1. About the Cα centre, and with charges only on the beta carbon of Lys, Arg (+1) and Asp, Glu (-1), how big is the dipole of the stretch 157-257? Nearest 20 debye, please.
2. Between rounded, prolate and oblate, where does the stretch 157-257 land on the alpha carbon gyration tensor, with a ≥ b ≥ c its root eigenvalues, rounded for a/c under 1.5, else prolate if a/b exceeds b/c?
3. Once you have a ≥ b ≥ c as the square roots of the Cα gyration tensor eigenvalues for the stretch 233-345, tell me rounded if a/c is under 1.5, and otherwise prolate or oblate according to whether a/b is larger than b/c.
4. Work through the residues other than Ser257 whose Cβ is under 11 Å from its Cβ and net out their charges, Lys, Arg +1 and Asp, Glu -1.
5. Under the rule of at least 5 residues apart or a separate chain, name every residue whose amide H is placed under 5 Å from the amide H of Ile287.
6. In whole Hz, with x marking every Gly and Pro, tabulate ³J(HN,Hα) for the stretch 320-333 from phi via Karplus 6.51 cos²θ - 1.76 cosθ + 1.60, θ = phi - 60°.
7. What is the set of long-range amide H partners of Ile329 at a cut-off below 5 Å, with H atoms built 1.01 Å from backbone N?
8. Just want the answer: with Cβ charges of +1 for Lys and Arg and -1 for Asp and Glu, which residue in Ala225, Ser171, Val255 is farthest toward the dipole's positive end in the stretch 157-257?
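Bear in mind that the values in this text are calculations on the coordinates, not laboratory data. All values reported here derive from a predicted model rather than from experimental measurement. Cβ coordinates were reconstructed from backbone atoms using ideal geometry, including for glycine residues, and neighbour counts include every protein chain displayed.
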Amino acid sequence: MPNWLLPEYIQDMLPDEAWRVEQMRARFLDLLRKSGYQLVAPPLLEYAESLLIGGSRDMDLRTFKLVDQLGGRTLALRADITPQVARIDAHLLNRRGVTRLCYAGSVLHTQPAGLTRTRELLQIGAELYGHSGPESDLEIQQLMLQSLNMLGIGDVHLDLGHVAVFRALVSHARLDEELEGELFAVLQSKDSPALQALTQPLDKTLRNALLVLPSLYGDCAEVLARARESLPGYTEIRAALDALQTAATQLQPLVASVGIDLADLRGYHYHSGMVFAAYHAGSHDAIALGGRYDDLGKSFGRARAATGFSMDLRQLYRLLPEQTVKPGICAPHLDDPALSEKIAQLRASGESVVVDLLGDAALRGELQCDRELVLRDGAWQIVAL
C-alpha cells in the first residue's frame, strides 16, 4: 500500500479549507471572548476513565484507546472535549460562582458520525458552569445561534428536547436499569413496534406516555399542546414543558424555525435537562449540539450546574459558499534594500507578497498572484500581470 494514503475517513485540510477554518475559529473565539468566556486547551490524550464518564456505551465505542508505555494504564484519545472542560472547572479552577469556558481542538472518533463526515473533527464550543436556571440555558443557546449566523450559516432549524420528560416517566415507574436502557434505545431509533413490545407489561399510564413520545415531534406550539394533554401531570414534566415553551419563544427570532422532539435522548447518560440541536439543509446531521449536564462534574468530585454546546468547524466549512481568495503580488528574488522595504510596507498594509524564488514564468501561476513588483524610474511599483 502506498505510504501517502490516509486511513478511511481521515483527510488532510488543503490551503483553501485550512485558511478558512482557521478564520472561522478565530472569529468564533473572539465572539466568545467578548461574551466573557475564557479559553482552555485540554490535552488530546488522557486516562480513559477521565474521558469515558457518564456510562455512555456510544462514547466508549467511539473512543480510541491505547496502553501507556510509561505507566501501563489505559489511555484514550478524546472523542469529546466537554468532559475535559468539566474536569477543569471542577478540579482545577474550583470557582464558587459562574464560570464561562470555551475551547477549540481536534477530537478523534473510531467511527464516522455520518457517511460524509471525518473521524477527526475540529470541535469548538462553550460551557457555562455554576447556574441552573433557564437564563444560562438561553445564553448558551443564543450564543450558539449567533455563532452560526456570524459564520454565514443561515436558514437554521432548531430542535429542542428535554431529557427530564423520559427521566420522570421511568423514575415514577421505578423501572430497572436494563429495561430503562432498552426503552432508551428504541426511543432513540423511534422503533414503534419494538416500543410496543417493551411497554406491554407496564401500567397503562406509563405505557401510553412512552408510546406517544416518538410522535411528540414537530411544530413547537402543536407538540407542546399535545404533550400537555397526553403526558402525566408530573411536576418534572410540566416544568420541562414550560422551559421548552420559554426557550422556543425567545429563540424564534434567531432561526428559520423551532421544533420540539421529546424523544430526543441524545446524551441521555449525562444530560440532565434541556437539549438542543441545530440543523441546516446542506447537512444530513446536526451542525451544532448542546444541552444541560448538571451531574457530569460529580465524576471529578464536584457536581456543578452546567450547560454548553459544541460544533465541528470542518463540517460547517462545507456549508459555506465558495470564497474567492484575493490574489497576491509577485516580487522578484533580489538583494535590494529598497525592494525589501517595499515588500514590508505592502505586507504591513495587509497585502500578500510572494517572492518568486525560481523566477520561472511558466510556474508563476502557482504563486496565485495577479500583480507584480517591477522597478520603474528608480522605484518599485505594482503593475498588473
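1. Computed about the Cα centre, the dipole is about 280 debye.
2. Cα axes put the stretch 157-257 in the prolate bin.
3. Prolate, since a/c reaches 1.5 and a/b exceeds b/c.
4. -3
5. Under 5 Å from the amide H of Ile287: Ala278, Tyr279, His280.
6. 3J(HN,Hα) across the stretch 320-333, in whole Hz: 7, x, 4, 10, 7, 7, 5, x, x, 10, 8, 10, x, 8.
7. Ser352, Val353, Val354
8. The Cα lying farthest towards the positive end belongs to Ala225.
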